[in-house]
Amino acid sequence: TNLQNTYEKKLGYTDAEYTAAVDQGKYTNFVKDSAGYGLAQWTYWSRKQNLLNYANSVNKSIGDLNMQLDFLYKELNDGYKNTVLKTLCEAKSLLEASNSVLLKFERPADQSETVQNKRASYGQKYYDAYASKSIFGECI
């Protein structure tokens, strides 16, 4: 249920308040407000529209973790299968995988080498904690 921190004050919502307002139809500018939201910090209007449509189609909150994971996987398969998802499955390094998501999927304003290395270090932390466990399905 993570609303981009810089938008909390601007929009006057906490993460939970924003999520509830969108779910209840009280806040109607979700798609066009340019605020990053959720696990992937969906920002671009068409991707947020698709997220909202998907949440509605499965009768879930926009903040529902499993819905967001399902939507993320669907989005990767539908539009990024031969780029990001393929790289994630075949990457030879954590930096390669991380950069694929950063540069081809998320595309934030700051894509500097410093950001790339910082993001890869975050990924390394989770890789070290979970990679040896059989919790992930097969690629593609």
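The values are calculated or read from the model by the stated rules, or taken from the named source; none is laboratory data. All values reported here derive from a predicted model rather than from experimental measurement. Cβ placement follows ideal geometry from the backbone for every residue including glycine, while neighbour counts extend to all protein chains displayed. Side chains are part of the model used for accessible areas, which takes the heavy atoms of the whole protein and leaves out ligands, DNA and RNA. Shrake-Rupley method; radii C 1.70, N 1.55, O 1.52, S 1.80 Å.
The table that follows gives values for the structure above.
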{"quantity": "Whichever residue in the stretch 41-51 is under 19 Å from GLU8 (Cα atoms) and either at pLDDT 95 or above or in contact with a Leu (Cβ under 6 Å, 6 or more places away or on another chain) (or both) and, among such residues, is surrounded by the fewest Cβ atoms within 10 Å (Cβ to Cβ)", "calculated": "TRP45"}
{"quantity": "Among residues of the stretch 2-39, those that are in contact with a helix residue (DSSP H, G or I) (Cβ under 6 Å, 6 or more places away or on another chain) and surrounded by fewer than 19 Cβ atoms within 10 Å (Cβ to Cβ), counted", "calculated": "5"}
{"quantity": "Residues within the stretch 85-111 that are within 24 Å of TYR37 (Cβ to Cβ), part of a loop (DSSP other than H, G, I, E, B) and of a type in the set (S, T, N, Q), tallied", "calculated": "1"}
{"quantity": "Filtered residues of the stretch 41-84 (kept if in a loop (DSSP other than H, G, I, E, B), of a type in the set (D, E, K, R) and more than 22 Å from THR6 (Cα to Cα))", "calculated": "LYS60"}
{"quantity": "Residues located in the stretch 55-71, provided they are under 14 Å from the mean Cα position of the chain (by Cα) and surrounded by fewer than 19 Cβ atoms within 10 Å (Cβ to Cβ)", "calculated": "ASP64, LEU65, ASN66, LEU69, ASP70"}
{"quantity": "Among residues of the stretch 92-124, those that are open to solvent by less than 30 Å² (accessible area, probe 1.4 Å) and not polar (S, T, N, Q), counted", "calculated": "5"}
{"quantity": "Subset of the stretch 17-44 (residues that are within 14 Å of the chain's Cα centre (by Cα), under 21 Å from ASP70 (Cβ atoms) and not β-branched (Val, Ile, Thr))", "calculated": "GLY36, TYR37, GLY38, LEU39, ALA40, GLN41, TRP42, TYR44"}
